[in-house]
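Enquirer: Submitted below is the structure of interest, expressed as structure tokens.
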Amino acid sequence: MTLSAWDRTRLATALPDWLPARRWFSAKDRPIAGVELTEVADLGRGLVIAIADVRLAGEPEPRRYQLPLVVRSRPGPDAIADLGGAWAFDATDSPESMRHLLGLVAAGGERDGVRFTAETAIGRAGPASRLTAEQSNTSVVFGDRYILKFFRRLFPGVNPEVEVQRALGPLPTLAPLAGVVEHRGATLAVVQGFAAGAVSGWDLAVTPGFAGRLRALGEAVATTHAALADAFGSTPLSRTDLAALVAGMHDRLARTAAEVPALAPHADRLARLLTEAGRAAVPGSPRQRVHGDLHLGQVLATDRRWLLIDFEGEPGTPIPQRAAWDSPVRDVAGVLRSLDYAASRTPDRSWVRAAEREFLAGYANRAGRVPDSALLLACQLDKAIYELGYETRNRPDWVGVPLRAIEGFASASGKAG
């Protein structure tokens with residue numbers, strides 16, 4: 001159904017109240033100054049893809065979001081907007097709409113400016129249901145065969161998720177890419193094979209025997225890093241590269257300290273710690289394409305192996321920055337920080353150090369080298385600073401986890417000094 005100009009106005013007016021309650025909306029800490037619907041693609045059967053530019057107070061440029069919507073003739077308690085005789089709903093909660101979209105991907109071609117590409121043959125799928133454990137994306141599973149993932153925050157260019165999976169092809173540590181949805185050069189969604197029965201590392205972390213599985217996870221991460229280097233190339237980190245990495249960490253520290261008052265008292269000590277780590281880091285380790293946002297929620301455990309998912313990197317970062325080469329140590333640090341997060345959900349944190357050792361041992365065994373300790377320290381600190389800014393904006397109840405780690409880094413630095 002095509003939305004009239006009046007429908008678009010009513011929908012845009014309702015979105016400032018609806019968006020902040022969405023888990024995937026990344027600007028909960030700033031008032032919405034206005035919303036403009038720049039595109040509305042009619043995909044048939046009441047399904048539309050709306051592209052919304054969201055203007056935030058204090059930001060000169062809008063943020064672009066994707067809104068899969070279904071328009072119905074009957075109201076409901078979860079309606080986004082009353083369009084006058086019709087109501088707009090989030091289409092990811094509509095099994096019929098999601099099955100229709102999967103059918104469009106399977107058939108390929110283009111509809112109202114949206115291009116559908118089947119990377120492999122897409123067969124019969126089971127019932128559609130939206131996953132509730134959402135982060136920056138929205139995912140819908142179809143029985144035990146496929147998962148459809150919408151990228152909510154949009155940037156121009158091919159999403160790294162698609163680029164990486166196309167480049168690596170079939171790999172034991174990746175879920176296979178089945179289809180892609182694009183609009184005007186931006187990636188809207190991907191369809192992947194679904195690992196039925198798999199458990200995320202985040203959910204597995206609170207179960208008995210978790211630490212014993214982390215050596216295999218370390219090996220899986222190193223295997224994927226090797227495949228990324230083969231597909232995209234690599235070069236040894238030079239002293240200049242290390243200086244640039246640390247300069248970026250200093251920049252993040254300064255920006256976050258200006259935004260988060262709790263960080264400011266530690267900023268000087270942390271800056272010294274980053275500088276010292278940068279000087280101690282040894283050149284020569286790889287610089288290459290990496291995952292970019294690796295944590296326990298981005299890995300799945302099956303009965304026999306680990307899978308790495310969500311290669312889009314930090315979703316709030318422009319795509320060229322996400323595709324930039326980095327140190328694989330960045331991903332290693334991401335897993336270690338995630339273990340600290342997981343430990344915050346358990347009464348006994350004593351398992352964390354053993355889990356870290358197992359993961360690092362597995363990684364070193366497969367990679368043939370132990371991650372540089374100074375660079376690993378700097379990357380862990382940088383990740384904790386990123387987490388503090390993220391949690392402040394999105395999940396204030398979680399601020400204590402990265403803040404505790406940052407205070408630990410600062411305290412250790414002070415004792416060393």
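Enquirer: What ³J(HN,Hα) values, in whole Hz, does the Karplus curve 6.51 cos²θ - 1.76 cosθ + 1.60 give for the stretch 338-348 when θ = phi - 60°, with x put for Gly and Pro?
Expert: Karplus-based 3J(HN,Hα) across the stretch 338-348 equals 5, 4, 5, 4, 4, 5, 5, 8, 10, x, 10 Hz.
Enquirer: Given a 10 angstrom Cα cut-off, can you work out which residue in ASP340, ASP17, ASP382 is the most mobile in a GNM of the chain?
Expert: ASP17
Enquirer: Short version: ³J(HN,Hα) in whole Hz for each residue of the stretch 256-263, in order, from phi by Karplus 6.51 cos²θ - 1.76 cosθ + 1.60 (θ = phi - 60°), x for Gly and Pro, what are they?
Expert: Result, ordered by residue: 6, 5, 6, 8, 10, x, 5, 7 Hz.
Enquirer: Please check: in the Gaussian network model of the chain (C-alpha springs, under 10 Å), which one of SER234, SER200, SER344 has the largest mean-square fluctuation.
Expert: SER344
Enquirer: Quick one: go through the stretch 138-168 and flag any residue whose amide nitrogen is under 14 Å from the point 7 Å out along the Cα-to-Cβ line of ARG124.
Expert: In the stretch 138-168, the label zone of ARG124 (backbone N under 14 Å from the point 7 Å along Cα→Cβ) covers 143-145.
Enquirer: For the stretch 66-79, just list the computed ³J(HN,Hα) in residue order, Karplus coefficients 6.51, -1.76 and 1.60, θ = phi - 60°, integers in Hz, with x standing in for Gly and Pro.
Expert: Whole-Hz 3J(HN,Hα) from phi for the stretch 66-79: 9, 10, x, 10, 10, 9, 10, 8, 10, x, x, x, 9, 5.
Enquirer: Please report, largest first and rounded to whole Å, the three semi-axes of the ellipsoid equivalent to the stretch 5-190, where each semi-axis is the square root of five times an eigenvalue of the C-alpha gyration tensor.
Expert: Details: eigenvalues 147, 77, 46 Å².
Semi-axes (√(5λ), whole Å): 27, 20, 15.
Enquirer: Just subtract the alpha-carbon distance of ARG395 and THR302 from 0.36 nm times their residue separation and send over the number in nm, one decimal.
Expert: Contour length minus Cα-Cα distance gives 30.6 nm.
Enquirer: Using only the Cα atoms, work out Rg/Rh for the stretch 286-354, with Rh taken as the Kirkwood radius, to two decimals. Walk me through the intermediate numbers first.
Expert: On the way: Rg = 13.8 Å, Rh = 13.4 Å.
Computed over Cα atoms, the ratio is 1.03.
Enquirer: Helix-derived [θ] at 222 nm for the chain: sum -39500 (n - 2.57) over DSSP H runs of at least 4, divide by residue count, nearest 500?
Expert: -13000 deg cm²/dmol
Enquirer: Multiply the residue separation of ALA254 and ARG369 by 0.36 nm, subtract the distance between their alpha-carbon atoms, and state the gained length in nm to one decimal.
Expert: Working: separation 115, 0.36 × 115 = 41.40 nm, distance 3.24 nm.
Here the answer is 38.2 nm.
Just so you know, all these numbers are worked out from the coordinates, no wet-lab data involved. Because the structure is a prediction, the values reported are computed rather than measured. Virtual Cβ from ideal backbone geometry, glycine too; neighbours counted across all protein chains shown.
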